1. So, ASP28, is that one in a loop (DSSP other than H, G, I, E, B) and of a type in the set (Asp, Glu) or not?
2. When you go through (1) over 20 Å from LEU134 (Cβ atoms); (2) surrounded by fewer than 18 Cβ atoms within 10 Å (Cβ to Cβ); (3) out of contact with any strand residue (DSSP E or B) (no Cβ under 8 Å at 6 or more places or on another chain) one by one for ALA90, which number turns out not to apply?
3. Determine whether the range 15-30 contains at least one residue that is under 15 Å from VAL95 (Cβ atoms) and exposed (fewer than 15 other Cβ atoms within 10 Å of the Cβ).
4. Just the residues that are surrounded by fewer than 17 Cβ atoms within 10 Å (Cβ to Cβ) and not aliphatic (A, V, I, L, M), please, taken from the range 248-269.
5. What strands (runs of 3 or more DSSP E), lying completely within the range 38-129, carry at least 1 residues that are of a type in the set (Phe, Trp, Tyr) and farther than 18 Å from ASP145 by Cα?
6. Considering only the range 58-66, I want to know if a residue exists there that is at pLDDT 95 or above, among the basic types (Lys, Arg), open to solvent by 30 Å² or more (accessible area, probe 1.4 Å) and farther than 21 Å from LEU121 by Cβ.
7. Here is a list: LEU133, LEU191, LEU217. Which entry is over 28 Å from ASP260 (Cβ atoms) and either at pLDDT 95 or above or open to solvent by 20 Å² or more (accessible area, probe 1.4 Å) (or both)?
8. Just a yes or no: is a residue in the range 69-77 open to solvent by 50 Å² or more (accessible area, probe 1.4 Å), of a type in the set (Ser, Thr, Tyr) and either at pLDDT 95 or above or touching a His at 6+ places or on another chain (Cβ under 7 Å) (or both)?
Amino acid sequence: MPIRTAVPPRVLTVAGSDSGGGAGIQADLKTMLALGVHGMSVLTAVTAQNSLGVQGAWELPVDAVRAQYRSVVDDIGVQAVKTGMLASAALVETVAELLAGTDAPVVVDPVGVSKHGDALLAAEALDSVRTKLLPVATVATPNLDEVAQLTGVRVTDESGMRRAAQEILGLGPRWVVIKGGHLPGEAVDLLTDGSAEHWLRAPRHDNRHTHGTGCTLASAIASGLALGMDVPTAVQGAKTYVTGAIEAGFPLGGGIGPVDHGWLTRTAV
């Protein structure tokens, strides 16, 4: 096998651990590997989680999160950062402060609940997400439930996605992807910076095994940005990758299985 001499772009995920391997840090690192970047991690919380739901969650101390972040960024450096589960107001504010001092694009997945409806963010942390975290985001990627949590806007159709985008942009990110996967019909997302609009459409695959889609999309976007893509190109590439991963999602356990992060390799064989 050839020996790699060039250093791949580096992407840091700041998120929680999913012991079932379908979402969280595990999904992020699998996505980054699949897309050709070097993934690194700052663990914010540990969950006991499987295909049926989240059985427990324990956040890490603020000092542990800060130390992990500084250890990676100060020595190795980063070309992009992705955030996921941050659990508490203290962690949200700590991570936002760290991101503000880092010269790299930031993709914020404002994780509020799991695929099974389990809370992954304390209610009192929502204001910190609005006022501290979203203002440092290059791209924010809320789904419709997270839009409702953050803004009170309930989206029931595509026209509502425009209003949701404006509300989220008003909180400070430069770009927003409103994920419309919970709407009926084809899977449609809206990417906008308030002026340019990009409607990203894909066929809806008849596959219930979709655990990890949000983490995967955000990590794929961060990977694209680290590779030098502009935001629309990175988001379109991420949409294509996630659509393939959903189509190839497979059953695990007795509930909702994960998307297949390795589908590109498997379909190429």
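1. Values: in a loop (DSSP other than H, G, I, E, B): no; of a type in the set (Asp, Glu): yes.
No, not satisfied.
2. If we test ALA90 against (1) over 20 Å from LEU134 (Cβ atoms); (2) surrounded by fewer than 18 Cβ atoms within 10 Å (Cβ to Cβ); (3) out of contact with any strand residue (DSSP E or B) (no Cβ under 8 Å at 6 or more places or on another chain), just (1) comes out false.
3. no
4. Taking the range 248-269 as the starting set, the residues that turn out to be surrounded by fewer than 17 Cβ atoms within 10 Å (Cβ to Cβ) are 250-255, 262, 264-269.
Result: PHE250, PRO251, GLY253, GLY254, GLY255, GLY262, THR265, ARG266, THR267.
5. On the way: elements: 38-50, 53-59, 80-83, 106-108.
The strands (runs of 3 or more DSSP E) meeting that bar are 53-59.
6. no
7. On the way: LEU191 fails: over 28 Å from ASP260 (Cβ atoms); LEU217 fails: over 28 Å from ASP260 (Cβ atoms).
Step by step, each of LEU133, LEU191, LEU217 is checked, and only LEU133 is over 28 Å from ASP260 (Cβ atoms) and either at pLDDT 95 or above or open to solvent by 20 Å² or more (accessible area, probe 1.4 Å) (or both).
8. Narrowing the range 69-77 to residues open to solvent by 50 Å² or more (accessible area, probe 1.4 Å): 70-71, 74-76.
Narrowing the set further to residues that are of a type in the set (Ser, Thr, Tyr) leaves 71.
If we keep only those that are either at pLDDT 95 or above or touching a His at 6+ places or on another chain (Cβ under 7 Å) (or both) too, we end up with 71.
Yes - at least one qualifying residue is present in the range 69-77.
The values are calculated or read from the model by the stated rules, or taken from the named source; none is laboratory data. The structure presented is a predicted model; accordingly, all values stated were derived computationally and were not measured. For neighbour counting, all protein chains shown are included, and Cβ atoms are generated from backbone atoms with ideal geometry for every residue, glycine included. Each accessible area value is taken on the protein alone, full model and side chains, heavy atoms only, with ligands, DNA and RNA left out. Shrake-Rupley method; radii C 1.70, N 1.55, O 1.52, S 1.80 Å.
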